[in-house]
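This report refers to the structure that appears directly beneath it.
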Amino acid sequence: PSSHGGMGSYSFVIVAGGDNPIYEAEFTPAHKKDAQDSANLNQFVIHAALDVVDEMLWNSSPIYLKVVDKFNDQLISAYVTAGHARFMLLHDVRNEDGIRSFMHDVHELYVKVLLNPFHTPTQRIVSETFDARVRALGKKYLN
Amino acid sequence: VRTAMAAPSKPRQANIVDRPISKGRSEVSQSAFAYLFSEFIQYSQARSTTANELELRLEEAGATIGVRVLELVALRDGKSRRETRMQSMLQYINSTIWKALFGKTADALSKSVENEDEYMISETDPLVNQFISVPPSLPNLNCAAFVAGIVRGILDASGFPARVTAHTDPSEPLRTILLIKFAPEVIAREKALAG
């Protein structure tokens, strides 16, 4: 993977307690869009990395776990909240600080959605405003 | 005939996702809480046939809150680490969570001598029971089952699944004991982590 800067492709998933994805977003610069083909593979790679995270999180207490797994030339970074919501990011460039800031800000948005008594923690997040804010954060920190 | 539906009304507030998370320093009047709690108990009682069923309903309501209070308090405090050990998690609930909910730390946290998977949180005169008098016909009812549910919600969400139940101390009727019984996998993992 290339290091620091360069336009990376990012695939972001929030996984709730029951190992089901509750939110997904892709941040890919226009010139790299072969997104349709890789979308399924991305989900598979992220899902496989979940096993690594689930084991790691008992030996490593920081919320931001940084890079937890690799697949070919892609990296997977993870961030696990107190309630074990896992924020998984598949990326092809290193960007530790940008990713940390991204995860931290999405974390706050996530808690706001969670506080809604009509939202069950294992339910998909359908709020368009949430999606818009996450995409804005992606633009700000990841690309 | 003109109706009030002539034009869509502007939203008065920004979307919840755009509003800042409250700092958590505001308080709710205990009377307001007691009134709401009493209505909820009556609502649950109408739908339960036994005291046990009623307690289960209170626990379920508490569990939905537990998940949220854990995430909210951890975010507000800027907690950058998760609890990975049983006793630290219990301490966190005993102190930080209790302060956020009730303005004080819990009275006592203790470990059972007979069973390695059991812990107790005791509270004399729990806030939620302040205005509740249990009729003699329901001797085993403790409405702090609601708080037991909150604790269970927190433990389940943070990877320490447990059964949590509320009991009235037989020797001290105003004292509630929350009995926490951890799932076997938690005990096994603790042993492995202890090395």
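A few comments on the model shown:
Yes/no matrix, rows are residues, columns are (1) over 15 Å from residue A:79 (Cα atoms); (2) in a loop (DSSP other than H, G, I, E, B); (3) among the polar types (S, T, N, Q); (4) touching a residue at least 60 places away in the same chain (Cβ under 8 Å):
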residue	(1), (2), (3), (4)
A:103	no, no, no, no
A:110	no, no, no, yes
A:113	yes, no, no, no
A:120	yes, yes, yes, no
A:124	yes, yes, no, yes
A:129	yes, no, yes, no
A:136	yes, no, no, no
A:139	yes, no, no, yes
A:143	yes, yes, yes, yes
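- Each residue in the range A:61-70 was checked for being crowded, with 16+ Cβ neighbours inside 10 Å and not hydrophobic (A, V, I, L, M, F, W, C), and 2 pass.
- Qualifying residue in the range B:102-113 (condition: in contact with a helix residue (DSSP H, G or I) (Cβ under 6 Å, 6 or more places away or on another chain), aliphatic (A, V, I, L, M) and within 14 Å of chain A (Cβ to nearest Cβ)): no
- Unmet requirement for residue A:77, which otherwise passes all of (1) out of contact with any Leu (no Cβ under 6 Å at 6 or more places or on another chain); (2) closer than 16 Å to residue A:141 by Cα; (3) not in a helix (DSSP H, G or I): (1)
- Boolean, residue B:52 is away from chain A (no Cβ under 14 Å) and either surrounded by 13 or more Cβ atoms within 10 Å (Cβ to Cβ) or not aromatic (Phe, Trp, Tyr) (or both): yes
- The set of residues from the range B:77-92 being charged (D, E, K, R), surrounded by fewer than 18 Cβ atoms within 10 Å (Cβ to Cβ) and at the interface with chain A (Cβ under 7 Å from one of its Cβ atoms) comprises B:79, B:81.
- Qualifying residue in the range B:124-132 (condition: of a type in the set (A, V, I, L, M, F, W, C), out of contact with any Ser or Thr (no Cβ under 8 Å at 6 or more places or on another chain) and surrounded by 13 or more Cβ atoms within 10 Å (Cβ to Cβ)): yes
- Within the range A:99-112, tally of residues that are crowded, with 20+ Cβ neighbours inside 10 Å and either farther than 12 Å from residue B:75 by Cβ or among the hydroxyl-bearing types (Ser, Thr, Tyr) (or both): 4
- Only one of the listed residues (A:133, A:100, A:94) is within 10 Å of chain B (Cβ to nearest Cβ) and over 30 Å from residue B:61 (Cα atoms). That residue is A:133.
FYI, it's all coordinate maths here, none of it is from the lab. Nothing here was measured: the structure is a model prediction, and the numbers come from that model. FYI the Cβ positions are ideal-geometry reconstructions off the backbone, even for glycines, and counts take in every protein chain you see.
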